[in-house]
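The values are calculated or read from the model by the stated rules, or taken from the named source; none is laboratory data. As the structure is a computational prediction, the values presented were derived from the model and not from experiment. All Cβ positions, glycine included, derive from the backbone under ideal geometry; neighbour counts span all protein chains shown. What goes into the accessible areas is simple: the full protein's heavy atoms, side chains included, and nothing from ligands, DNA or RNA. Shrake-Rupley method; radii C 1.70, N 1.55, O 1.52, S 1.80 Å.
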Amino acid sequence: MNETSRPPFSLVGLDHVVLLVTDMERAMRFYQEVLGCQPGFSYPQFGMEQVWCGNALIVLQDYTRPEGNWARPPVEGGRNLDHVCIALSPFDHDAMRAHLKAHDVEIVEEAFHGGARGMGNSFYVLDPFGNKLELKGPPVY
């Protein structure tokens, strides 16, 4: 670990995972009927449905729908996981940017949206292997 920059947060746990699917109705049936997940938030404008899995969310992203095409994998069949969201303690946004920069980690996107704990701020980064991670702060409301 680079001692010049320590994380400006503490880990809370996993908030959600985003799975890429090609048939939303089939996916919803499986997660609700087979696994017993409960309906979560719905984002039809993004081709996305969420189901509760205990205190975390499984986000189902149908990239075959026009509104979900933004999540289409670069190679057909190349992946079915879009990103993993890690829940964090409160953090200072400038300290987060400085910490990531100190470790040569590019911020892919900054966003504000819902997760298992509520609406909050997120930083999206890639790990050294190209896996997308969402670093999500606590809910703002």
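Brief remarks follow.
- Segment residue 111-residue 80, length gained on full extension (0.36 nm per residue, minus Cα span): 9.0 nm
- Calculated mean residue ellipticity, 222 nm, the chain: -3000 deg cm²/dmol, from DSSP H runs (n ≥ 4) at -39500 (n - 2.57) each, averaged per residue and rounded to 500.
- Loop-located GluC sites (Glu not before Pro) in segment 87-141, at most 14 other Cβ atoms within 10 Å (DSSP): 106
- Integer Hz, Karplus 6.51/-1.76/1.60 couplings in order for segment 56-68, x for Gly and Pro: 10, 10, 10, 9, 9, 10, 8, 7, 7, 7, x, 6, x
- Take every pair of alpha-carbon atoms less than 8 Å apart whose residues are at least six positions apart; their mean separation over the length of segment 12-103 yields a relative contact order of 36 percent.
- If both residues of a DSSP beta bridge must be in segment 1-113, then about 75% of such bridges are antiparallel.
- Rolling a 1.4 Å probe over the protein heavy atoms gives the chain an accessible area of 57 Å² per residue.
- Amide H partners (placed H, <5 Å) of residue 108, local residues excluded: 124, 125, 126
- Segment 89-141: C-alpha gyration tensor shape, a/c 1.5 cut-off, then a/b vs b/c: oblate
- Relative intensity, log₁₀ I(q)/I(0), of the chain from a Debye sum that treats every alpha carbon as a point, q = 0.11, 0.15, 0.21 Å⁻¹: -0.44, -0.78, -1.32
- Amide hydrogen proximity for residue 115: with H placed 1.01 Å from N in the peptide plane, the residues at 5 or more positions away or on another chain lying under 5 Å are 120.
- Proximity of backbone amide H atoms, modeled 1.01 Å from N, is registered between residue 16 and 57, 85 at under 5 Å, excluding neighbours fewer than 5 places apart on the same chain.
- In order along segment 38-46, the Karplus-derived 3J(HN,Hα) couplings, from 6.51 cos²θ - 1.76 cosθ + 1.60 at θ = phi - 60°, round to 9, x, x, 6, 10, 10, x, 5, 10 Hz, and Gly and Pro are given as x.
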